[in-house]
Amino acid sequence: MMTTTENRQGLTPAILEFIESCKTREHPESFLIAVLHKVQEEFGYLSREHLDEVAHLLSIPTSYVFGVATFYHFFRLQPQGKYSISVCLGTACFVKGADKVLEAFQNHLGIGMGETTKDGLFSLTNTRCLGVCGLAPVVMVNDKVYGQVTPQQVPEILNRIKKEIENEAAGQEDDTE
Ligand code: FES
């Protein structure tokens, strides 16, 4: 007979074990967020299959699990791009026009908040105060901080990153020669 700890839909044995331990406690559904964190830690995002599987294993309706995953901004429903662009929407950045900067990224990349471009290069998210309000509005691309960003600078930032990608690819070709 198949048990719930058998490998289903790619959840790792460690996650399955964690879910099993949650099920032995009172109100296993209250561990949903902890389970989703573990899945995201492992896979970098929450796939539809994983949400279905977590719902099944915890005996919670999939619509509820999906609702929780979309409600909290720290959960990602798509794989992260190679470059993660995070626009600060904290108060200082917001009053200096961060929403317009975000809009410019959305327009230039053709994606919405929390989405990744089809080529897998860019993901777009927002964040709360990054602690460098003096540089508002602030954008982080992976671990690099861009300060006093205007919507007009957005294409330039993206071009700079694309150049970096090209140089990296050229460097790799040189290595193989
Ligand atoms: S509000 Fe954006 S860095 Fe503080």
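Every number in this text was worked out from the coordinates using simple rules, so none of it is lab data. All values reported here derive from a predicted model rather than from experimental measurement. Note that each Cβ is placed from the backbone with ideal geometry, even for glycine, and that neighbours are counted across all protein chains shown.
Computed values, structure above
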item	result
Listed pairs LYS96/LYS118; LYS38/LYS162; LYS96/LYS162; LYS38/LYS82 exceeding 23 Å between Cα atoms	LYS96/LYS118; LYS38/LYS162; LYS96/LYS162
Sum of side-chain charges, PHE66 neighbourhood, beta-carbon under 13 Å (Lys, Arg +1; Asp, Glu -1)	-2
Angle between the chain longest axis and helix 13-23 axis [Cα atoms, degrees, rounded to 10]	60
Size-normalised alpha-carbon gyration radius of the stretch 1-155, reference 2.2 N^0.38 Å	1.24
For LEU130, net neighbour charge (Lys/Arg +1, Asp/Glu -1) across residues whose Cβ lies under 15 Å away	+2
Share of alpha-carbon pairs per 5 Å distance bin for the stretch 13-71, given as whole %	4, 20, 36, 26, 12, 2
Percent of Cα pairs exceeding the 13 Å cut-off, where the set is the stretch 104-177	72
By average C-beta atoms within 10 angstrom, highest first, the peptides 29-38, 55-64	29-38, 55-64
Value at 222 nm in deg cm²/dmol, rounded to 500, when DSSP H runs of n ≥ 4 in the chain each add -39,500 (n - 2.57)	-14500 deg cm²/dmol
Additional length obtainable on full extension of the chain from GLU42 to ILE165, 0.36 nm per residue less Cα span	41.7 nm
FRET efficiency estimate (nearest 0.05) - Cβ-Cβ, ASN107 to ASP52, R0 45 angstrom	0.85
